[in-house]
Amino acid sequence: MTLSDLDPGDYAIFAWTILQIGLTVLYGLRSRWRASTPGQILFTSFGCTSIALTQVSVTLLTDSSYYGRDVVRPIAYTLGIFGTLVMIKLLLQMQRRDRR
């Protein structure tokens, strides 16, 4: 693949990936996200999105042929599943507490 093979959508996903990773790092290092349930949910969401976007970006850059893709993809997406399940659990706990 060459850069000329990329379209505007590809460049947009690369930019989004970089911005999302930056947001995740800034939030993770500079916020007290562990101190509250909403902070934990937000950080988990940022992390899962960063992992998924990174995998998609690498796939686009390598025409789906990077070494270890068959191992990385299922791991990345399974982490996303578990992260989302954790976020749902935390959200439901918060909502139950708020209703009491």
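The values are calculated or read from the model by the stated rules, or taken from the named source; none is laboratory data. Predicted model, so just to flag it, every value in this text is computed and none were measured. Heads up, the Cβs are rebuilt from the backbone with ideal geometry, glycines too, and the neighbour counts pull from every protein chain shown. Side chains included, ligands, DNA and RNA excluded: accessible areas come from the protein's heavy atoms. Shrake-Rupley method; radii C 1.70, N 1.55, O 1.52, S 1.80 Å.
Some observations on this one:
- Between ALA12, ALA35, ALA52, the Gaussian network model of the chain with springs among Cα atoms under 10 angstrom shows the greatest mean-square fluctuation at ALA35.
- For the stretch 28-82, chymotrypsin sites (Phe, Trp or Tyr not before Pro) meeting the loop criterion (DSSP other than H, G, I, E, B) and having at most 11 other Cβ atoms within 10 Å: TYR67.
- Solvent exposure of LEU92, expressed as accessible area, is near 80 Å², computed with a probe of 1.4 Å over the protein chains only.
- Helix-only arithmetic for the chain: the sum of -39500 (n - 2.57) across DSSP H runs with n ≥ 4, divided by the residue total, places the mean residue ellipticity at 222 nm at -28000 deg cm²/dmol.
- Extension gain from THR78 to ARG34, taking 0.36 nm per residue of separation minus the Cα-Cα distance: 13.6 nm
- Accessible surface ranking for ARG34, ARG97, 1.4 angstrom probe, highest first: ARG34, ARG97.
- Solvent-accessible area of the chain (1.4 angstrom probe, protein heavy atoms only): carbon and sulfur portion equals 66 percent.
- Rounded accessible area per residue of the stretch 8-99, 1.4 Å, Å²: 68 Å²
- Rel. contact order, % - alpha carbon contacts under 8 angstrom, at least six apart, the chain: 31 percent
- Sorting the Cα pairs of the chain by distance into bins of 10 Å, from 0 upward, gives 15, 35, 30, 15, 4, 1 percent per bin.
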